[in-house]
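Heads up: the structure comes next, in structure tokens.
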Amino acid sequence: MTLGSIPSCMTPRATLFLLWFIQKREIHGYGILKALREGGMHGLGPGRLYPFLADMLKQGLISQKEKKTGRRVRKVYVITAKGRQMLEERRRLFRGLIREFVIDMLKGSAQDRHGRSKIGES
């Protein structure tokens with residue numbers, strides 16, 4: 001399943017991902033689409049991205065400002081203090097979960113299903 005076909009139950013994950021992405025730099029909607037497609041997420045189109053962004057604007061997680069580039073004026077998205085707070089709260093949660101996952105996965109690769117070490121065996 002691609003990001004472009006995310007069911008509504010996964011909206012918090014998409015919001016978190018977009019917050020993380022936007023906090024990296026001020027970026028316009030097409031720039032987000034382009035970067036995601038370059039990263040292999042081809043299923044996400046404007047019809048899916050812009051509603052997410054509009055909802056995030058409404059929630060106060062991001063804001064929009066005009067940025068002049070050459071002759072063009074583009075609307076870029078910027079993370080707000082509320083968005084940074086949400087991102088940091090989720091970071092703390094994920095740190096613990098990811099740490100536990102990685103440790104468990106590393107243990108699993110070094111032991112068989114009975115807990116015996118597989119290291120050094122041929």
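The values are calculated or read from the model by the stated rules, or taken from the named source; none is laboratory data. Predicted model, so just to flag it, every value in this text is computed and none were measured. Reconstructed Cβ throughout: ideal geometry from the backbone, glycine too, with neighbour counts over all protein chains shown.
Scanning the stretch 48-106 for residues that are in contact with a strand residue (DSSP E or B) (Cβ under 7 Å, 6 or more places away or on another chain), in contact (Cβ under 8 Å) with a residue 12 or more places away in the chain and either of a type in the set (Asp, Glu) or part of a strand (DSSP E or B) (or both) yields Ile62, Ser63, Gln64, Lys65, Lys67, Arg74, Lys75, Val76, Tyr77, Val78, Ile79.
Residue-by-condition table, conditions (1) modelled with pLDDT under 85; (2) exposed (fewer than 13 other Cβ atoms within 10 Å of the Cβ); (3) under 15 Å from the mean Cα position of the chain (by Cα):
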site	(1), (2), (3)
Leu36	yes, no, yes
Met41	yes, no, yes
Leu44	yes, no, yes
Ala54	no, yes, no
Arg72	no, yes, no
Val78	no, no, yes
Arg84	no, no, yes
Arg90	no, no, yes
Arg99	yes, yes, no
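With respect to Ile62, is the statement that it is under 25 Å from Arg92 (Cβ atoms) and at pLDDT below 80 true? Quick ask: steps written out before the conclusion?
Details: under 25 Å from Arg92 (Cβ atoms): yes; at pLDDT below 80: no.
Against the criterion (under 25 Å from Arg92 (Cβ atoms) and at pLDDT below 80), Ile62 does not qualify.
On the stretch given as the stretch 38-85, residues that are acidic (Asp, Glu) and under 11 Å from His28 (Cα atoms) total 1.
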